[in-house]
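Colleague: Handing you this structure, nothing more for now.
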Amino acid sequence: MSRTGKSPISIPSGIEIKVADNNLVTVKGPKGELSQQIDPDLSVEIEDGVLEVKRPTDQQRHKAMHGLYRTLINNMVVGVSDGFTKELEMIGVGYRVNNTGNLLEISVGYSHPIMFYIPDELSLETKMEKGSNPYIKIEGIDKQLVGQIAAKIRSFRKPEPYKGKGIRYKGEEVRRKAGKTAAK
């Protein structure tokens, strides 16, 4: 059996989960509400504050869906209770970041600043302090949306391997290359 799929999800206090007839799972908590359509072959059972996803057979397709939907439901439970955060840092001379509400303005060495609108479901925080790198923090309840927006911002100037300049996740290690040696 799938190790991920068979592990139960404990439901914290303050979290309400509803399963509709058409396998629509809705999770409501203090930070918001999320819903996910579940494969019709799978069943979702809630007993004594524990949620389990069950599959009908051991077919390859059912095994794959079993682990996937269990993880998606778990991410919804964690999202509405704690939320998800991604932090990015900008390394490079003259790199700047600023935000007005959910409109992000990034200057990363191009001839023009990049204007990027963050969806309303997410909250955005930027910091520009002397002596430290510019910093972007994205928070939200939907793990997929937080990760997708962080990856999009990182794609504006990916870290390059020679000098290490670019936008990277906080704590990300960039493998450095040696570069050319001087010819004699």
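The values are calculated or read from the model by the stated rules, or taken from the named source; none is laboratory data. Just so we're clear, the structure is a prediction, and the values are computed from it rather than from any experiment. Cβ placement follows ideal geometry from the backbone for every residue including glycine, while neighbour counts extend to all protein chains displayed. The protein model used for the area step is the full one, side chains on, heavy atoms only, and it has no ligands, DNA or RNA in it. Shrake-Rupley method; radii C 1.70, N 1.55, O 1.52, S 1.80 Å.
Colleague: Working only within region 21-37, note down all residues that are farther than 19 Å from residue 10 by Cβ, modelled with pLDDT of 90 or more and open to solvent by less than 30 Å² (accessible area, probe 1.4 Å).
Modeller: So the first thing to find is which residues in region 21-37 are farther than 19 Å from residue 10 by Cβ, and the list is 21-24, 32-33, 35, 37.
Okay, now just the ones that are also modelled with pLDDT of 90 or more, so 24, 32-33, 35, 37.
Matches in region 21-37: 32 only.
Colleague: Pairs, please: C-beta under 6 Å, at least 6 apart or cross-chain, first residue open to solvent by 40 Å² or more (accessible area, probe 1.4 Å) and in region 66-86, second at pLDDT 95 or above and among the β-branched types (Val, Ile, Thr)?
Modeller: 86/138; 86/146
Colleague: Given the conditions (1) open to solvent by 30 Å² or more (accessible area, probe 1.4 Å); (2) within 18 Å of residue 84 (Cβ to Cβ); (3) assigned to a strand (DSSP E or B), which single one is not true for residue 45?
Modeller: The one condition residue 45 does not meet is (2).
Colleague: Let me ask you something else. Can you run down the residue pairs with Cβ atoms below 8 Å, 6 or more apart or on separate chains, where the first is in region 17-39 and over 15 Å from residue 52 (Cα atoms) and of a type in the set (Gly, Ala, Ser) and the partner is part of a strand (DSSP E or B) and at pLDDT 90 or above?
Modeller: Taking only residues 6 or more apart or on different chains, the pairs are 20/26; 29/16; 35/24; 35/25; 35/26; 35/27.
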